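Q: Have a look at the structure that comes next, please.
The values are calculated or read from the model by the stated rules, or taken from the named source; none is laboratory data. Quick caveat: nothing in here was measured; it's all calculated off a predicted structure. Cβ sites come from the backbone with ideal geometry, for glycine too, and all protein chains shown count toward neighbours.
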Amino acid sequence: MGNNPISKKKIKVEELSEIEKLLYESYRKIDVDFTFNEVTTLKLKLTDDKFYFHTEFSFLLFFNNSIFTDNINQIYKNFNAKIESFINSQTTIKTNSNKFFNVLLIIDDEIETLNSGSRIDFDGLFTVAFERMEILIMLYIDVTNCHPNYVKEFMKQLF
C-alpha cells in the first residue's frame, strides 16, 4: 500500500469503477492508497470471485494485518455505515426482506510476516465481519495464492 499525499482531490464516487467503489466504501477516511497494480490485482480477483461465487458483493474487506491493526475503528465504522444503508434500503423497498448482505473478504498473503515469527492478528477482522450477525450476512473468503501455512493460521484463529 503506497501512500500518495499529493492526491487529496475530491472523489466523485459515481465515476469510480466497481472495485474502486468497494475500496472507497471500505477504506474511506483512512490514509491508505492502493497502487495501480494492487487495484488491478483486486479487480481481477473481484471478477474471478463474482464468477466463482455467482454473486454480486455489497462490501469488500481486504485484510492486511497492518491496515486492520492501525485502522480497526474506522474500518468498523465504514462497515456499519454500509450495513445501515443496506438495512434502510431493505426496509424502504420491502420487496425482498431475505436479501443477503454479501461481503467479499480477500486475504492478503503475509506469509513472510508469519515466517519471521511475528503474529498475524485476525481478531480485528473477526470483530468487523461477525459483529452484525442479526442481519443476513454471507461472507465469501478469497485466499487465492495464499500460502497453505497462512491459510492454516487464519483457520486456526477463526476456529
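Q: Return the residue satisfying two criteria in turn: it lies in region 25-64 and is basic (Lys, Arg) and surrounded by 12 or more Cβ atoms within 10 Å (Cβ to Cβ), and of such residues it is nearest to LYS99 (Cα to Cα). Show your work before the answer.
A: Step one: list which residues in region 25-64 are basic (Lys, Arg), which gives 28-29, 43, 45, 50.
Now drop any that are not surrounded by 12 or more Cβ atoms within 10 Å (Cβ to Cβ), which leaves 28, 43, 45, 50.
Details: ARG28: 25, LYS43: 24, LYS45: 24, LYS50: 17 Å.
The residue in question is LYS50.
Q: Out of ILE67, ILE19, ILE106, which single residue is modelled with pLDDT of 90 or more, aliphatic (A, V, I, L, M), surrounded by 14 or more Cβ atoms within 10 Å (Cβ to Cβ) and not in a loop (DSSP other than H, G, I, E, B)? If you could, list the steps in order and put the result at the bottom.
A: Working: ILE67 fails: modelled with pLDDT of 90 or more; ILE19 fails: modelled with pLDDT of 90 or more.
That would be ILE106, the only listed residue that is modelled with pLDDT of 90 or more, aliphatic (A, V, I, L, M), surrounded by 14 or more Cβ atoms within 10 Å (Cβ to Cβ) and not in a loop (DSSP other than H, G, I, E, B).
Q: Still on this structure, please answer the following. Mind listing just one residue for me: the one in region 125-147 that is within 15 Å of LEU61 (Cβ to Cβ) and among the acidic types (Asp, Glu) and, of those, modelled with the lowest pLDDT?
A: GLU131
Q: Which members of region 22-64 meet the condition of being part of a loop (DSSP other than H, G, I, E, B) and touching a strand residue (DSSP E or B) at 6+ places or on another chain (Cβ under 6 Å)? Show your work before the answer.
A: Narrowing region 22-64 to residues part of a loop (DSSP other than H, G, I, E, B): 28-35, 54-58, 64.
Within region 22-64, THR55, PHE57, SER58 meet the criteria.
Q: Could you give me the residue pairs with C-beta distances under 6 Å whose first residue belongs to region 42-69 and is closer than 11 Å to LEU22 by Cβ, whose second residue is small (Gly, Ala, Ser) wherever it lies, and which are 6+ apart or on separate chains?
A: Within 6 Å, the pairs are LEU60/SER26.
Q: Also: Of the conditions (1) closer than 20 Å to LYS21 by Cβ; (2) at pLDDT below 90; (3) surrounded by 16 or more Cβ atoms within 10 Å (Cβ to Cβ), LEU114 satisfies every one except a single condition; which number is it?
A: Failed condition: (1).
Q: Sort through PHE101, PHE130 and tell me the only one that's exposed (fewer than 13 other Cβ atoms within 10 Å of the Cβ) and under 17 Å from the mean Cα position of the chain (by Cα).
A: Working: PHE101 fails: exposed (fewer than 13 other Cβ atoms within 10 Å of the Cβ).
On inspection, the qualifying residue turns out to be PHE130.
Q: Moving to a separate point now. Inspect all residues belonging to region 85-94 and state whether any of them is within 23 Å of SER26 (Cα to Cα) and either modelled with pLDDT of 85 or more or acidic (Asp, Glu) (or both).
A: Yes, some residue in region 85-94 is within 23 Å of SER26 (Cα to Cα) and either modelled with pLDDT of 85 or more or acidic (Asp, Glu) (or both).
Q: Here's something else I'd like to know. Quick check on my filter: what residues within region 133-157 are more than 22 Å from LYS43 (Cβ to Cβ), surrounded by fewer than 18 Cβ atoms within 10 Å (Cβ to Cβ) and touching a strand residue (DSSP E or B) at 6+ places or on another chain (Cβ under 9 Å)? Give the steps one after another, and end with the answer.
A: From region 133-157, those more than 22 Å from LYS43 (Cβ to Cβ) are 133-137, 147-157; that's our starting set.
Still in the list and also surrounded by fewer than 18 Cβ atoms within 10 Å (Cβ to Cβ): 133-136, 147-149, 151-152, 155-157.
Correct list: ILE135, LEU136, VAL151.
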